[in-house]
1. Looking at (1) within 22 Å of residue B:251 (Cα to Cα); (2) within 14 Å of chain A (Cβ to nearest Cβ), which is the only condition residue B:97 fails?
2. What tally of residues in segment B:443-469 results from selecting those that are closer than 23 Å to residue B:499 by Cα and part of a strand (DSSP E or B)?
3. Here are B:156, B:175: which of them is away from chain A (no Cβ under 14 Å), within 26 Å of residue B:507 (Cα to Cα) and part of a strand (DSSP E or B)?
4. Being within 14 Å of chain A (Cβ to nearest Cβ), under 26 Å from the mean Cα position of the chain (by Cα) and either at pLDDT 95 or above or assigned to a loop (DSSP other than H, G, I, E, B) (or both) is true for just one of B:194, B:214. Which residue is that?
5. Going by the structure shown, is residue B:502 surrounded by 24 or more Cβ atoms within 10 Å (Cβ to Cβ) and under 30 Å from residue B:363 (Cα atoms)?
6. Determine which single condition residue A:175 fails, assuming it passes every other condition in (1) out of contact with any helix residue (DSSP H, G or I) (no Cβ under 9 Å at 6 or more places or on another chain); (2) within 10 Å of chain B (Cβ to nearest Cβ); (3) over 21 Å from residue A:100 (Cα atoms); (4) surrounded by 15 or more Cβ atoms within 10 Å (Cβ to Cβ).
7. Tally up the residues in segment B:326-353 that are closer than 19 Å to residue B:383 by Cα and surrounded by fewer than 20 Cβ atoms within 10 Å (Cβ to Cβ), please.
8. Out of B:354, B:380, B:410, B:319, which single residue is in a strand (DSSP E or B) and at pLDDT 95 or above?
C-alpha cells in the first residue's frame with residue numbers, strides 16, 4: 001500500500017470524536033462482492049446510431065455542413081462528420097445552460113440567413129469559396145476572450161469545440177494508431193464518496 | 001457511540017497550512033485533532049486511466065458544471081468542489097472565480113508546485129515605495145523556516161543570488177536548456193531582464209497527503225476526521241477565548257460540537273474568513289477576532305495574463321521541432337521598480353515561459369484543410385509566456401457574509417468583491433510589450449499577444465482577508481499568525497498575508513504555518529496558552 005493511502009484508514013468519521021445533537025439510526029455496511037475485471041463492457045456509443053434530440057432538421061443540416069467545412073477529413077484521418085461530431089454537439093448543447101443553447105441555435109440560423117442573403121441558398125448548399133465568405137469572422141485577430149458579437153462568438157466556439165471533439169473521438173484515435181498524435185487519455189476521478 | 005477524545009489543539013483544514021501545522025505540532029508532542037470538510041481520495045481505488053472518447057462529453061466536460069473553475073476537466077471534475085452545493089455570490093458585473101477542492105489535502109492535490117520565497121520587496125514593500133503596508137515581520141524572520149520547508153517539498157531550482165528572489169535550500173537544477181530557451185534567455189538579457197530555471201516541488205504528488213500527514217500520523221499524536229464541515233467556532237462567554245467548533249457531517253447532515261483548548265485555522269483563505277465571520281457572539285459581534293473591522297478586507301491575489309504571448313520558433317517548423325531545439329521552461333522574477341520608480345505602475349510582475357507547445361487553430365485564424373496543414377507545420381514549435389502580476393491590497397476588495405444564500409448544509413455563504421485597478425492594468429500592458437520584445441529579440445514569430453487578465457480568483461492565489469499587523473486596530477493577526485483578540489486562535493493559511501508579490505504563495509504560507517505552530521507549542525510548554 002502506498003504511503004498516502006494509509007491516510008484513508010487513518011481518517012475517522014465525524015461522529016467518532018463528538019456527540020451528535022440527535023442520534024441517527026444505525027445501518028449495516030453493504031456486503032462487498034467480487035468483481036470480475038476480465039469482463040469487457042463497451043460504452044453505449046460503440047453500437048447503434050445516436051438519435052439527435054436538440055436541433056431540428058434544418059438546424060442539423062447547417063450543423064453538419066459547418067462541421068464538414070471547419071474540420072474536414074484530411075490525409076486519411078476522419079473529420080468532424082466522420083467522427084460523429086454533429087451528433088455529439090447536439091447532445092452537448094442539449095445538456096448546456098440556456099445561454100449557450102441560444103448562442104448555438106441562433107448561430108445556425110444566422111449561418112443560413114447570411115448564406116441565403118448572399119448566395120440565395122442555405123449554408124449546406126454553398127461551395128467552399130462561398131462558405132469562406134460567410135466564415136470570414138474566423139479570420140479575425142485572436143483575443144483571449146474571443147469575439148463578443150454573437151455570430152462571431154458562435155463560429156469561434158464551434159471551431160474549437162468541433163476540432164477538439166474530433167481529436168478526442170474514437171474514430172480519430174483508431175485512424176491515428178501508430179501515428180504521432182494519440183487520443184487524449186488521463187486519469188479519470190470517480191466521485192470521492 | 002465513541003467517547004469524546006482529548007486533544008491539545010484542534011486544526012481545521014488539511015491542506016498546505018493545516019498539514020504543516022499537524023506535521024510541526026505532533027513532532028513536538030502536541031496531540032492534535034484535524035477536521036477536514038471533505039473525504040480522502042484513494043489514488044488506487046478512486047481513479048482509472050481512460051480515453052477521452054469513453055467519457056460522456058469526450059473529455060470536454062459537462063457544459064456549465066464548473067462556470068468558475070477553468071482548471072476543471074471532465075477527467076478530474078469530481079475532485080473540485082461542487083458549486084451547486086458550495087455556492088457564493090459576487091457583484092453582477094465583477095465575477096470572482098473561487099476555485100476549491102474539498103478533500104483531504106485540499107488544493108495541494110492539484111497545485112502547480114511553483115515554490116518561490118518572498119523577499120523584503122514584499123515583507124517591507126511600503127518601506128521601499130510607500131505603497132501598501134509592511135508585514136510585521138521581515139525576510140530574516142521567515143528564512144529559517146523556508147530553509148526547512150523546501151527540503152520537505154523537494155524543491156528543485158537554481159540559486160542566482162538576486163535580492164528579489166532569495167536563494168533557497170534547493171535540489172540544484174543543472175539541466176541544459178534547449179536551443180530555443182537559450183536564445184530566449186539571451187534576448188531577455190539584452191533587455192536587462194533576468195531569467196532562471198523553474199523552482200518547483202518535485203515528486204509524484206508533492207501534497208500534504210504524502211509529505212506531511214503521514215509523518216504526523218506516525219507520531220501517534222494526530223487524529224483526522226473527514227467530512228466534517230465546520231459551521232462556526234464556539235467561544236467561552238466569560239473569557240472570549242475559542243473553546244470548540246460546531247460542525248456538520250457532510251453526508252448525513254448530523255450536527256456535532258467538539259471542544260478545543262486551542263484552534264489552528266487553515267480552512268483556506270476565504271473559507272477561514274467565512275468561518276470567522278459566521279462565528280458571531282456577544283463577545284465578538286462582528287465575527288470572531290474582528291474588533292478591528294478588518295476581517296474580510298484587503299482581499300488580493302496575483303493577476304494572471306495567461307498566454308501573454310504565443311510565438312513560433314521558425315526553425316522548428318515542418319516537423320523539425322527536435323528535442324535539441326525545443327522544450328524546457330523557465331521563470332523571470334520581478335524586474336520592474338526594484339531600484340527606482342520606472343513605469344506608470346508600482347511593484348512588478350513575473351513570467352513563466354515554456355518551449356514546445358503548438359499554437360491553436362484560433363490563433364492561426366484558419367479552418368478546413370489549411371488549418372490541418374498549418375497545425376502540422378507548427379506542431380511542437382510553440383513558445384509561450386504567462387504573466388503573474390502583483391496586486392496591491394485595497395480595503396475595498398473584501399468578502400462579507402451573504403445571509404440570503406446558504407450552502408447545502410445551511411451555512412451562510414460569502415459575497416466576494418474584488419476588482420483590479422489601473423495599476424494592475426498598466427502592469428499587464430507593460431508585460432505584454434516586454435514579452436513581445438523578448439520573443440522578437442530571440443527571432444521567434446509572434447502569433448498572438450494580449451494583456452487581458454483572467455477574473456480575480458482564477459489564479460487560485462487568494463490572500464489577505466485575515467491580515468497580519470503590528471497594530472491590533474488595523475489587522476486581525478499578530479506576527480505569529482495569532483489572533484490579536486483571541487489568543488488561543490491561530491490562522492495559518494493565505495489569509496494572513498499582507499502582500500504577495502508575484503510569487504506563488506504556498507511555500508510562504510507553509511513556512512509561516514511551521515513558524516506559528518512551533519511558537520504555539522513553545523507557549524503551551526511554558527503554560528502560557
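1. Unmet condition: (1).
2. Of the residues in segment B:443-469, 2 are closer than 23 Å to residue B:499 by Cα and part of a strand (DSSP E or B).
3. Working: B:175 fails: part of a strand (DSSP E or B).
Of B:156, B:175, the one residue that is away from chain A (no Cβ under 14 Å), within 26 Å of residue B:507 (Cα to Cα) and part of a strand (DSSP E or B) is B:156.
4. Criteria check complete, one pass: B:214.
5. Details: surrounded by 24 or more Cβ atoms within 10 Å (Cβ to Cβ): yes; under 30 Å from residue B:363 (Cα atoms): yes.
So residue B:502 fits the description; yes.
6. (2)
7. So the answer is 2.
8. B:354
The values are calculated or read from the model by the stated rules, or taken from the named source; none is laboratory data. Because the structure is predicted, anything quoted here is derived from the model rather than measured. All Cβ positions, even for glycine, are placed from backbone atoms using ideal geometry, and neighbour counts span all protein chains on display.
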